[in-house]
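The values are calculated or read from the model by the stated rules, or taken from the named source; none is laboratory data. In this text, all values refer to a predicted model and were calculated from it rather than measured experimentally. No Cβ is skipped: glycine too gets one built from the backbone with ideal geometry, and neighbour counts run over all protein chains shown. We work out accessible area using only protein heavy atoms, side chains counted, and drop any ligands, DNA or RNA first. Shrake-Rupley method; radii C 1.70, N 1.55, O 1.52, S 1.80 Å.
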Amino acid sequence: MTAGPVPPRVAERLIARVLPPAARETVLGDLHERFRIRATRDGMGRARRWYWRQALSFAVRVPASRAVGGMNGFMEGDTAASVVRARMAAGFVFELRFALRSLCRRPGLSVAAIAILAFAVGANTTVFSVVKAILIERIPFPDPDRLVMVWDAYPEVAPDRTNPITLDHYRVWAGRTDLFASVGAFESTTPSLLQGEWPDRVEGALVTSNLLPLLGAWPALGRLLVPEDEAPGAPPVVVLSHGLWESRFGSDQSIIGRQIRLGGTSTTVVGVTGEGFWFYDPYSATRSLSGWSAEAARLWQPLPASPFGGETDYPRYRVIARLRDGASVEAAAAAVATARPLMHEADGAAEGAPVPTTRLIPLSEQILADSRPRLLGLFGAVSMVLLMAGVNLISLLLVHVESRRSEFAVRAALGAGRGRLALQPILESVLLALGGGLAG
């Protein structure tokens, strides 16, 4: 072969596959030379398309010619098995082309079948994408299986209810370094952000300085919160989410150190979190997935060491903890359940007051518990839609086959076997399924 532009390898192998060995080298050499001439004259794109047309032509015509006894030069060395395979390939190609023409002659059936499948497949794909992202894939935090939420519970009063804990109790759990590698607390807030002429309520959170690193947050600009930000008298600072920085501040790279009006107070922007990090109050996330209105936090402010005038014994804080390596949720839950009654006595609770216990709930379970049955129910419903679409499509195709009874009788009289007669509607069904799947 003459050196020069190289034809498509896949097309070349296809031609070599269908040609007998005696003619393979001659035909490929001639095609290669013609490909080189076309590439020089018309460009590589047109030459490649021409070569592919030749390859497909060989794939269709050579087996058919073998089947009817033509191309005597190619028949040398062929066995009976190769002749049978060639005849089967030629018959399959003929039936495939006939199925395409049959569907084109009946556009009403084709459009209706593809529309039914497209609706059902599209609905299933959409819902499965949601189910996969929420229920199958893990929540997007580092080592999410080690993240738990710490709650107070009163099994004697409300067995299924969990309650926030006090700041004093948060400090107790933060000191249990034998169980937890890190413990952070937060409370949701919605300060007004004055950016422009009108203030706007923004979902946010008051957080301890270790909460964002605990959840795997990273700064795209500036820094995250530090313990010094929580100290009494520290100047007010804020960390913005990447989305808020883009939407309200136009991705301004000079935002770090700027003063913004937040909740009527001049607040310094010290950082912007990386793109892709999100944070939900699990109560809000659960309500959002269950149909309530809630949004992810879009900014974070430090939780003061003595918030709300020094009030530390009011149960208002949600607590997230990261278990130490090797500590299981069950072992940590047993340890905190043992310590909780002692904390109740130290608090000076009145005699006869309900004795609380402490529950550790995995963060993923906390976020998804209420939404799981709803999402699974929705997925089951759209699966039934797909099943019904399949039943309707089968009914359409059965009516279509019944209307062609005389056609099949003529083909049978001309010698078509049962396999060839069954192949025709099967190919039509496959083509409709492919069209509906792609459209969906």
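Taking the stretch 140-171 as the range and being surrounded by fewer than 18 Cβ atoms within 10 Å (Cβ to Cβ), out of contact with any Phe, Trp or Tyr (no Cβ under 7 Å at 6 or more places or on another chain) and either at pLDDT 80 or above or closer than 30 Å to LEU214 by Cα (or both) as the test, the residues that pass are PRO140, PRO142, ASP143, PRO144, ASP145, TYR154, PRO155, PRO159, ASP160, ARG161, ASP168, ARG171. For the stretch 187-208, the condition of being open to solvent by less than 40 Å² (accessible area, probe 1.4 Å), within 35 Å of the chain's Cα centre (by Cα) and free of Cβ contacts under 8 Å to residues at least 60 places away in the same chain holds for none of the residues.
Cβ separations smaller than 7 Å between residues 6+ apart or across chains give no pair from the stretch 92-113 residues that are under 19 Å from PHE408 (Cβ atoms) to residues that are open to solvent by 90 Å² or more (accessible area, probe 1.4 Å) and of a type in the set (S, T, N, Q). Scanning the stretch 1-21 for residues that are closer than 17 Å to ALA59 by Cα and either open to solvent by 50 Å² or more (accessible area, probe 1.4 Å) or in a loop (DSSP other than H, G, I, E, B) (or both) yields PRO7, PRO8, ARG9, VAL10, ARG13, LEU14, ARG17, LEU19, PRO20, PRO21. Looking across LEU431, LEU393, LEU397, one residue alone is closer than 19 Å to ILE116 by Cβ and touching a Gly at 6+ places or on another chain (Cβ under 9 Å). It is LEU393. Scoring GLY70 on the criteria (1) outside any helix (DSSP H, G or I); (2) open to solvent by less than 40 Å² (accessible area, probe 1.4 Å); (3) at pLDDT below 85; (4) touching a helix residue (DSSP H, G or I) at 6+ places or on another chain (Cβ under 6 Å) leaves a single failure, condition (4). So which residues in the stretch 226-253 are free of Cβ contacts under 8 Å to residues at least 40 places away in the same chain and within 29 Å of PRO140 (Cα to Cα), if there are any at all? VAL226, PRO227, GLU228, HIS242, TRP245, GLU246, SER247, GLY250, SER251, ASP252, GLN253, listed by residue number. Selection of the stretch 124-139 for residues being among the small types (Gly, Ala, Ser) and either modelled with pLDDT under 75 or open to solvent by less than 30 Å² (accessible area, probe 1.4 Å) (or both) yields only ALA133. Filter the stretch 249-285 down to residues that are open to solvent by 60 Å² or more (accessible area, probe 1.4 Å) and touching a Gly at 6+ places or on another chain (Cβ under 9 Å) and give me whichever is nearest to ASN163 (Cα to Cα). Within the stretch 249-285, the match that is nearest to ASN163 (Cα to Cα) is TRP278. You will find that of LEU438, LEU398, LEU421, LEU360, the residue that is surrounded by 14 or more Cβ atoms within 10 Å (Cβ to Cβ) and assigned to a helix (DSSP H, G or I) is LEU421 and no other. Only one entry in ALA389, ALA337, ALA331 is assigned to a helix (DSSP H, G or I), at pLDDT 80 or above and open to solvent by 30 Å² or more (accessible area, probe 1.4 Å), namely ALA331. All told, ALA39 meets the bar of being in contact with a helix residue (DSSP H, G or I) (Cβ under 9 Å, 6 or more places away or on another chain), farther than 17 Å from ALA59 by Cα and assigned to a helix (DSSP H, G or I).
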